[in-house]
Amino acid sequence: LVVAALAGLAPAVRTRVLHAWARELGASPAALSHRPVEALDALVTAWHGQGEVHLPGGLRVARRAGRLTGPDPAG
């Protein structure tokens, strides 16, 4: 996901997009609480070089080169 595009969205829309994206990555909807989505949002709105966000199911998301990147499908 492109950070600049996300940053331009209204907060409620942005968190819905991040929640849906986390589910697409494989995070269980039942285990995906407000806290990990809030941490993803911080990668967009309050990024200061922090590390990866850990999502339910052992998934990790990082901000690199102006994008949020999920797990590498190649392993």
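The values are calculated or read from the model by the stated rules, or taken from the named source; none is laboratory data. Keep in mind that what you see is a predicted model, and the values were worked out from it rather than measured. All Cβ positions, even for glycine, are placed from backbone atoms using ideal geometry, and neighbour counts span all protein chains on display. Note: accessible area is taken over every heavy atom of the protein model, side chains too, but ligands, DNA and RNA are not part of it. Shrake-Rupley method; radii C 1.70, N 1.55, O 1.52, S 1.80 Å.
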Conditions (1) part of a helix (DSSP H, G or I); (2) open to solvent by 50 Å² or more (accessible area, probe 1.4 Å); number of the one not met by A30: (1)
Could we say that A74 is surrounded by fewer than 18 Cβ atoms within 10 Å (Cβ to Cβ) and at pLDDT 95 or above here? no
Across segment 42-71, the tally of residues that are without any contact (Cβ under 8 Å) to a residue 40 or more places away in the chain, assigned to a strand (DSSP E or B) and either charged (D, E, K, R) or touching a helix residue (DSSP H, G or I) at 6+ places or on another chain (Cβ under 7 Å) (or both) stands at 6
Return a yes/no flag: does segment 12-26 have any residue that is open to solvent by less than 50 Å² (accessible area, probe 1.4 Å) and among the hydroxyl-bearing types (S, T, Y). yes
